[in-house]
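Here the structure is laid out as structure tokens; the discussion comes afterwards.
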Amino acid sequence: MTDETPQPRADGQQPTVEKGGLWGVFLAAVGLMWPPFGMPFSLIGIVQGRRARKAARANKGQAPGAVLSMVLGWVGLVVSVFAIAGYAVFWNEYTAYRDCSARALTVSAQQDCDDAWRADVAERAGIPEKEVPALGS
């Protein structure tokens, strides 16, 4: 990053403003909201922010939102990786919960599914059962 403000051009035109960083912020935010399915959006946000910064440097202009899009994109990627890791580690418990919930026709049956989910995840993770959140709530 530089502390230089863009200087007006010699021909009297205003410095260019690269809009790709703003698109990158939007796409990275979308990626952050839908982990792990938003991973491609996060990647596009990172690439868009990087391209906007390069174009702004080359044209001696500004790229508002370029750094923010890269930061949000990386955060979205990290969240998505943790979500995928969680699915991978607890896949058997998740599928058992999904199947149980599909068969649960009453509130008490759904509560039994939630209790089974908590017990299974607590056993796998080695944490107290009361610390495991319910999926259906």
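Bear in mind these aren't lab numbers, they're just calculated from the coordinates by the rules spelled out. From a predicted model like this one, the values you see are computed outputs, not experimental measurements. Neighbour counts run over all protein chains shown; Cβ positions are idealised from the backbone, glycine included.
Applying both filters, DSSP loop and at most 14 other Cβ atoms within 10 Å, to the chymotrypsin sites (Phe, Trp or Tyr not before Pro) of the stretch 20-104 gives PHE37. Amide H contacts under 5 Å for GLN62: THR16, VAL17, GLU18, restricted to partners 5 or more places along the chain or on a different chain, H placed in the peptide plane at 1.01 Å from N. A dipole drawn for the chain from +1 and -1 charges on Cβ atoms has a positive end, and of MET70, GLY31, ALA116 the residue lying farthest that way is MET70.
On full extension, the segment bounded by THR16 and LEU135 gains 38.0 nm, given 0.36 nm per residue less the C-alpha separation.
Rounded to the nearest whole Hz, the Karplus-based 3J(HN,Hα) values (6.51 cos²θ - 1.76 cosθ + 1.60, θ = phi - 60°) of the stretch 36-49 follow the sequence x, 6, x, 4, x, 5, 4, 4, 5, x, 5, 4, 5, x, with x at glycine and proline. Charge dipole of the stretch 90-131 (Cα centre as origin; +1 on each Lys and Arg Cβ, -1 on each Asp and Glu Cβ, all else neutral): 120 debye, rounded to the nearest 20. Selection among VAL79, LEU105, TRP91 by position relative to the dipole of the stretch 30-137 gives VAL79 as farthest towards the positive end (Cβ unit charges, Cα centre). Spin-label model, CYS100 to MET33: label points 7 Å out along the Cα-to-beta-carbon direction sit 3.2 nm apart. When shorter helices are ignored and each DSSP H run of at least 4 residues is given -39500 (n - 2.57), the per-residue value for the chain at 222 nm works out to -22000 deg cm²/dmol. Computed about the Cα centre, the dipole magnitude for the chain is approximately 920 debye when only Lys and Arg (+1) and Asp and Glu (-1) carry charge, each at its Cβ. Here ALA116 and VAL81 are evaluated by their C-beta separation; at R0 = 30 Å the FRET efficiency comes out at 0.60.
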